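Step one of this worksheet: look at the structure below.
The values are calculated or read from the model by the stated rules, or taken from the named source; none is laboratory data. This is a predicted model, so every value here is computed, not measured. Every residue, glycine as well, gets a Cβ built from its backbone with ideal geometry; the counts of neighbours run over all protein chains shown.
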């Protein structure tokens, strides 16, 4: 799958690396600020039995 994505990215290796880092940062930010806060109240990790 990663090879497929790597071949689909535009530009040379430097541009591909920059785009890959930007996409990874965007995915991490989306998870950190949207998905995890939404999911936290629904997962009883710190609650005693």
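Before we move on, is residue 22 in contact with a helix residue (DSSP H, G or I) (Cβ under 9 Å, 6 or more places away or on another chain), in a helix (DSSP H, G or I) and surrounded by 10 or more Cβ atoms within 10 Å (Cβ to Cβ)? So residue 22 does not fit the description; no. Filtered by the rule that a residue be surrounded by 10 or more Cβ atoms within 10 Å (Cβ to Cβ) and part of a helix (DSSP H, G or I), the range 1-18 gives 5, 6, 15, 16, 17, 18.
Taken across the range 25-35, residues that are part of a helix (DSSP H, G or I), surrounded by 10 or more Cβ atoms within 10 Å (Cβ to Cβ) and modelled with pLDDT under 95 do not occur at all.
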